[in-house]
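Each remark here refers to the structure printed beneath this line.
The values are calculated or read from the model by the stated rules, or taken from the named source; none is laboratory data. Everything quoted here is computed from the prediction, not taken from an experiment. Here the Cβ is made from the backbone with ideal geometry for all residues, glycine too, and neighbour counts use every protein chain on show. Accessible surface is based on the protein model in full, side chains and every heavy atom, while ligands, DNA and RNA are left aside. Shrake-Rupley method; radii C 1.70, N 1.55, O 1.52, S 1.80 Å.
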Amino acid sequence: MRGDMALTARLLLRASGLAGVVVALGGVLAVVAATRPWFTAVAEVAMLGVEQNRAVAALTGVPDTPGGWLTLAAGLVAVVLGAAAALDRPPASTRTVLLGCALLLVSAAGWAWVGPGPSLARVAGGEGDQLLDLAGRLPSGVDLQLSVRAAMGPVLSAVAAVMVAVGTLAARDL
């Protein structure tokens, strides 16, 4: 038993083993990113020359967005293949699959930043309607604007993509 632990430690501490660990950690980060908010409805209030922003609702990656599902799938694949690479048991096409996962992760993040975001009604639901109704009844000098913005999920997905890509390119044995 002790010999197996020593062999596993030696496998993980060599360059390709560490690269596999980085890939697996990037996959774990992608799975976490899939469960975080991808879009938030933000209320911007301007009064007496002071502006304040507050998130009023959020849309999580899984189950609410396609980018969240892509991130979850790519993250799970990266975890499995990264662990296999770290333990010196990668399948034949590991490098290609992992680079594809990194591309999917960055594409999901880019879609959230640049693509058409969800409507305010989808993100905020009834709260958005109530706030829009309130905005029409505010006194002069007070302005309320509602908008939908990308949240933390796409940022974590992009960081995970970098970790998976760097770990994949650093591993020589794939």
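Considering only residues in segment 9-39 that are basic (Lys, Arg) and within 11 Å of Leu87 (Cα to Cα), the one that is most open to solvent (accessible area, probe 1.4 Å) turns out to be Arg10.
Would you confirm, using the coordinates I've provided, whether Pro91 is more than 19 Å from Leu29 (Cα to Cα), touching a residue at least 40 places away in the same chain (Cβ under 8 Å) and of a type outside the set (A, V, I, L, M, F, W, C)? Give the derivation first.
On the way: more than 19 Å from Leu29 (Cα to Cα): yes; touching a residue at least 40 places away in the same chain (Cβ under 8 Å): no; of a type outside the set (A, V, I, L, M, F, W, C): yes.
Taking the combined requirement at face value, the residue does not satisfy it.
Checked against (1) surrounded by fewer than 16 Cβ atoms within 10 Å (Cβ to Cβ); (2) assigned to a helix (DSSP H, G or I); (3) hydrophobic (A, V, I, L, M, F, W, C), Ala55 passes all but a single condition, namely (2).
Filtering segment 92-132 down to residues that are among the charged types (D, E, K, R) and modelled with pLDDT of 75 or more, which residue is nearest to Ala150 (Cα to Cα)? Show your work before the answer.
Here is the first cut: in segment 92-132, the ones among the charged types (D, E, K, R) are 95, 122, 127, 129.
With the extra rule that they be modelled with pLDDT of 75 or more, the set shrinks to 95, 122, 127.
On the way: Arg95: 30, Arg122: 14, Glu127: 18 Å.
Among those residues, the one meeting the criterion is Arg122.
Can you name every residue in segment 8-46 that is in a strand (DSSP E or B) and out of contact with any Pro (no Cβ under 9 Å at 6 or more places or on another chain)? Step through it out loud before you land on a result.
First pass over segment 8-46, keeping only residues in a strand (DSSP E or B): 37-46.
Listed by number, the residues that qualify are Pro37, Thr40, Ala41, Val42, Ala43, Glu44, Val45, Ala46.
Considering (1) of a type in the set (Gly, Ala, Ser); (2) touching a Phe, Trp or Tyr at 6+ places or on another chain (Cβ under 6 Å); (3) surrounded by fewer than 19 Cβ atoms within 10 Å (Cβ to Cβ), the lone condition that Ala112 does not fulfil carries the number (3).
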